[in-house]
1. Being of a type in the set (A, V, I, L, M, F, W, C), under 22 Å from Pro335 (Cα atoms) and in contact with a Leu (Cβ under 8 Å, 6 or more places away or on another chain), is that true of even one residue in region 392-405?
2. So, of the residues in region 471-501 that are surrounded by 14 or more Cβ atoms within 10 Å (Cβ to Cβ) and aromatic (Phe, Trp, Tyr), which turns out to be nearest to Pro372 (Cα to Cα)?
3. Identify the residue in region 397-420 that is surrounded by fewer than 20 Cβ atoms within 10 Å (Cβ to Cβ) and without any contact (Cβ under 8 Å) to a residue 40 or more places away in the chain and, among all such residues, is nearest to Gln25 (Cα to Cα).
4. Starting from region 483-496, take each residue that is farther than 8 Å from Ala423 by Cα and list its partners that are of a type outside the set (S, T, N, Q), counting only C-beta distances under 6 angstrom and pairs at least six apart or across chains.
5. Anything in region 421-431 that is surrounded by fewer than 18 Cβ atoms within 10 Å (Cβ to Cβ) and either under 39 Å from the mean Cα position of the chain (by Cα) or modelled with pLDDT under 90 (or both)? List them, or say none.
6. Only one of Leu394, Leu367 is crowded, with 16+ Cβ neighbours inside 10 Å and either assigned by TED's automatic domain parsing to the domain that holds Val512 or not in a loop (DSSP other than H, G, I, E, B) (or both). Can you tell me which?
7. Check Ala499, Ala445 and return the single one that is under 14 Å from Pro418 (Cα atoms), modelled with pLDDT under 95 and assigned by TED's automatic domain parsing to the domain that holds Lys432.
8. Please give the number of the condition Gly359 fails out of (1) in contact with a His (Cβ under 7 Å, 6 or more places away or on another chain); (2) assigned by TED's automatic domain parsing to the domain that holds Gly135; (3) not basic (Lys, Arg).
Amino acid sequence: MTVEISEVHIDLIRRYGQAIVHIRQLATHRHLGLALGAGISQAAGLPSWTRLLEGISARMKELNIEGRDLAQESAPIQAQILFSRFRQYIESQPSFADIEASHREAVVGVRWRDLLREVLYEGVATPDELLVRHGYTEALAALAYSTPIVVTYNFDDLLEHALSKSPRKPNGTVGYFPAWGSSFVVQENRPVVYHPNGYLPFYAIDRYSEQLILTEQSLSDQIIDSAMGSYSLLLDYYSKTTCLFLGFSLTDPALRSMLRQSVRRSPGTVHYYIRYCDGYLPPKGERAETIDTNFDLFNMVTLYLNGEEIKALLELVAQVDGDSFNDACVRAGMPTTYLHYITGPVSVGKTSIISRLQGIEIVDEWLKPRDPLIAKPSIDLTDEERTRVDKWILEQLRLKNARYEHAQLGLHVMDRAPLDAFAFPPYGEPQKKAQDLYDYACAGASGKPHHFCPGKLIILSGRPYDLLTRQVWRGRSGSEGYVADQQAALLAVYNAPNAGRTFHVDTTGLPVEVVIKKVLRVMHLEPYEQFDFSLRLKHYLSGAK
């Protein structure tokens with residue numbers, strides 16, 4: 001399907017350019033996760049939890065199964081009571097006594113599922129009707145084919161039918177593999193559609209789950225089982241995979257608990273959450289509070305979208321070809337690569353933090369095995385050793401800058417920034433350092449310089465005593481004064497408002513998990529404002545200090 005870029009697509013990129021680029025980056029490499037909530041099914045006219053319970057209650061009245069009004073009870077309690085009434089009704093039938101005792105529980109379960117299926121798909125003649133009603137299942141299926149696992153908390157098989165109709169469906173397969181329970185196995189050439197709450201397909205002949213998570217007992221047991229490790233594969237998935245959450249209200253206690261566990265296990269994983277707001281966009285202040293809360297609790301970046309915009313988002317990340325996407329970003333005035341630099345004094349935790357960031361392209365501090373002299377404090381180097389170290393570092397800077405010059409679409413993070421050399425001794429010759437950086441790191445001596453790529457600059461700082469202690473634990477020498485001087489010099493190097501904004505994260509007294517959260521907040525919630533390293537380098541080339 002060819003997607004025509006509209007003003008809806010362009011406006012969406014202007015509002016959420018970095019998020020869209022990141023989601024597309026992950027989907028392109030099949031590193032994205034997808035999680036679907038009740039809103040997806042309701043968009044096709046399938047019942048909400050409340051409507052489902054109302055339908056079950058109505059069917060039971062037709063069977064003369066009566067009881068007190070349950071309107072004041074919570075939905076899980078309502079479901080629990082309705083199931084108990086239904087069980088009593090089945091067990092009271094004369095033919096029930098003829099059933100083998102060991103089979104009776106299964107019979108009750110099957111008839112309960114049959115009742116749920118009738119209510120779930122009431123008024124639906126064929127699954128194709130649901131696809132027509134929905135509006136963007138083709139785009140949703142296209143994205144699902146770019147993910148190894150789709151987690152859907154819905155009972156229905158709406159997505160499965162969309163996958164079976166997709167032009168991306170591989171030959172020789174139905175196009176998906178349904179799974180449920182506490183575990184699943186990734187498939188080679190098709191997405192696993194995992195139903196942690198159970199699976200109830202349209203056609204009764206298809207495979208379905210033995211259990212449906214609907215009643216208070218089943219929901220409570222699911223939370224307990226999750227805490228005891230039964231859903232460890234799903235927790236591991238959320239912990240290691242950046243996911244797009246679509247169709248959720250984030251009120252499910254089991255999901256909230258699992259998301260909190262995943263954040264604590266892997267604080268470097270960020271998710272994207274679509275907050276549906278058709279016909280009503282909350283005030284800016286309310287949106288800001290929700291954005292902060294979701295990020296603090298779940299590492300979620302919140303995007304406010306209506307139905308038309310959700311379709312446009314899915315098209316941008318899964319159906320629009322590369323040239324058209326790049327052109328759309330040009331029309332929107334937004335980049336397709338988001339370059340970040342994380343720097344700071346020695347032992348402030350740069351590499352430890354970067355190593356725990358998930359779903360982002362990383363450029364390491366060094367691209368080749370480091371020269372052993374790198375670990376020696378600059379003030380202790382001989383002239384010959386310093387020349388050797390400087391030459392090696394300048395080569396590394398040139399190689400790292402080339403990585404950013406040729407960076408593909410997406411989010412990228414580099415360990416250290418191009419002008420960090422000015423924060424290391426000797427301090428009295430900035431113009432010479434600047435010339436060396438220009439001639440060798442930027443290849444200016446060739447006559448065709450490659451200027452340092454601008455990007456968002458995040459500077460970490462800490463208490464010099466703490467940084468020195470980390471140095472000692474790593475078996476390195478130094479002094480508190482040396483670390484303090486280096487940190488002060490580094491902050492001074494990048495204190496250049498004319499070159500662009502910098503983002504400062506103070507790590508003093510904070511565990512690494514909190515620092516990671518602060519860094520991610522800068523990366524994903526602060527505006528993408530670049531620091532111009534080449535402009536700052538010109539300042540030093542001019543002889544200024």
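The values are calculated or read from the model by the stated rules, or taken from the named source; none is laboratory data. Here the structure is a predicted model, which means the values were calculated and not measured. Neighbour counts are summed over all protein chains in view; Cβ atoms, including those assigned to glycine, are modelled from backbone coordinates with ideal geometry.
1. If we filter region 392-405 for residues that are of a type in the set (A, V, I, L, M, F, W, C), which is where we start, we get 392-394, 397, 399, 402.
Adding the requirement that they be under 22 Å from Pro335 (Cα atoms) leaves 402.
Now narrow it down to the ones that are in contact with a Leu (Cβ under 8 Å, 6 or more places away or on another chain): none.
No - not one qualifying residue is present in region 392-405.
2. Once the filter is applied, the top-ranked residue is Tyr482.
3. His406
4. Val483/Pro345; Val483/Pro464; Val483/Leu467; Val483/Leu468; Ala484/Pro464; Ala496/Arg536
5. Step one: list which residues in region 421-431 are surrounded by fewer than 18 Cβ atoms within 10 Å (Cβ to Cβ), which gives 425-429, 431.
Residues satisfying the conditions are Pro425, Pro426, Tyr427, Gly428, Glu429.
6. On the way: Leu367 fails: crowded, with 16+ Cβ neighbours inside 10 Å.
So the residue among Leu394, Leu367 that is crowded, with 16+ Cβ neighbours inside 10 Å and either assigned by TED's automatic domain parsing to the domain that holds Val512 or not in a loop (DSSP other than H, G, I, E, B) (or both) is Leu394.
7. Ala499
8. Unmet condition: (2).
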